[in-house]
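Student: Pasting a structure here, questions to come.
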Amino acid sequence: MQNDITFFARFEPDILAGRKTITIRDAAESHFQPGQRLRTGRYEDNGYFCTLEVISTTPVALNELNDEHARQENMTLAELRQVIAEIYPGLNELYVIAFKRIS
Ligand SMILES: CC(=O)Nc1ccn([C@H]2C[C@H](O)[C@@H](CO)O2)c(=O)n1
């Protein structure tokens, strides 16, 4: 079965442990709705590893990212900005998807 969202495999332990409770994506992944349950897999091999429930999807500009976003990503703000710059170079319009793991 196809996954609804994927994460780089290095983030799997943080998601499973509840240390990472948001992800920041571009417009292509801004369609997730509160209450939606997402089959969640690894980007590298598409292997399923949990189901997440969407709490909210909220637009955020790159320059609005703050320490609270970083805490919810289990990163420092500098690390988060670096990750975003690598994945979405030059992109200012982003979306915070807040989630909880349900299985
Ligand atoms: C294909 C793709 O874009 N996959 C992504 C995008 C983002 N993430 C993670 C990395 C950071 O923790 C946040 C912020 O973008 O979300 C990811 O795991 N996989």
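Student: Can you tell me which residue in the stretch 50-102 is nearest to Ile15 (Cα to Cα), limited to those that are small (Gly, Ala, Ser) and open to solvent by 70 Å² or more (accessible area, probe 1.4 Å)?
Tutor: The qualifying residue nearest to Ile15 (Cα to Cα) is Ala78.
Student: Out of (1) near the ligand (Cβ under 9 Å from one of its atoms); (2) of a type in the set (A, V, I, L, M); (3) under 12 Å from the mean Cα position of the chain (by Cα), what's the single condition that is false for Leu52?
Tutor: Looking at each condition in turn, Leu52 falls short on (1).
Student: Of all residues being more than 12 Å from the chain's Cα centre (by Cα) and either among the acidic types (Asp, Glu) or open to solvent by less than 60 Å² (accessible area, probe 1.4 Å) (or both) in the stretch 18-34, which is nearest to Val96 (Cα to Cα)? Just the residue, please.
Tutor: Out of the qualifying residues, it is Ala27.
Student: Given the conditions (1) open to solvent by 90 Å² or more (accessible area, probe 1.4 Å); (2) under 13 Å from the mean Cα position of the chain (by Cα), and given that Leu38 satisfies all but one, which numbered condition is not satisfied?
Tutor: Checking Leu38 against (1) open to solvent by 90 Å² or more (accessible area, probe 1.4 Å); (2) under 13 Å from the mean Cα position of the chain (by Cα), the one that fails is (1).
Student: Residue by residue through the stretch 35-81, note down the ones that are aliphatic (A, V, I, L, M) and within 19 Å of Phe99 (Cα to Cα).
Tutor: Within the stretch 35-81, Leu38, Leu52, Val54, Ile55, Val60, Leu65, Ala70, Met75, Leu80 qualify.
The values are calculated or read from the model by the stated rules, or taken from the named source; none is laboratory data. The structure displayed is predicted, hence computed values, not measured ones. When we count neighbours, we look across all protein chains shown, and the Cβ atoms used for this are built from the backbone with ideal geometry, even at glycine. Heads up: the accessible areas ignore ligands, DNA and RNA and are worked out on the full protein's heavy atoms, side chains in. Shrake-Rupley method; radii C 1.70, N 1.55, O 1.52, S 1.80 Å.
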